[in-house]
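To start, the structure itself, in structure tokens.
Laboratory data are not the source of any read-out in this text; all were calculated from the coordinates shown. Since the model is a prediction, treat every value here as computed from it, not as a measurement. As a convention, Cβ positions derive from the backbone with ideal geometry for all residues, glycine included, and neighbour counts pool all protein chains shown.
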Amino acid sequence: MIAAFAAILLCQLAGEAVVRGVGLSLPGPVLGMVMMLGLLALRERFAARLPAELTNDRLPATGRGILAHLSLLFVPAGVGVVQRLDVFGAWGIALAVALVVSTLLALLATVLTFLAVSRLLGENGSEDAAP
């Protein structure tokens, strides 16, 4: 479990280092997730060189364990909001409008992406779909 957790954190650290080093306008953790995806896609090819924890089911189990406690990661954000209630008081309406509009735009983008992919895949979604 420690090797799997270290791999997740190392991918995030590598993503952050590349973004800051190159000056990309991309969040480091996003690039780290892409790196983790590459690691997962290539782990069968390099299974002999990787620790056993990364080639068996420990990495998905560690990811599920982190996701099970994801709500704990919102505690610092909540504390930050409470500490800055003066900003909320001054800009509360603008923040609420920005949150609602950005949520609606994200939902619209998701729907449009889903529709585009379903049109590309056809009516059934794939040839293996049940009738």
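Three principal axis extents describe the C-alpha atoms of the chain; from largest down they are 58, 45, 33 Å. Suppose a student asked you for the relative contact order of the chain, using Cα pairs under 8 Å spaced at least 6 residues apart; what percent would you report? This gives 18 percent for the chain. For the listed peptides 19-32, 103-116, a ranking on the average number of other beta carbons within 10 Å per residue, highest first, reads 19-32, 103-116. Taking the average, over residues, of other Cβ atoms within 10 Å as the packing measure, peptides 34-46, 6-18 rank 6-18, 34-46 from highest down.
Whole-Hz Karplus values for the stretch 10-15 come out as 5, 5, 5, 5, 5, x Hz, taken residue by residue from phi with 6.51 cos²θ - 1.76 cosθ + 1.60 and θ = phi - 60°; glycine and proline positions read x.
Per residue, the chain reaches -24500 deg cm²/dmol at 222 nm when only DSSP H runs of four or more residues are counted, each adding -39500 (n - 2.57). Candidates A4, V79, A98 compared by Cα position along the dipole of the stretch 1-104: farthest toward the positive end lies A4, with charges placed on Cβ.
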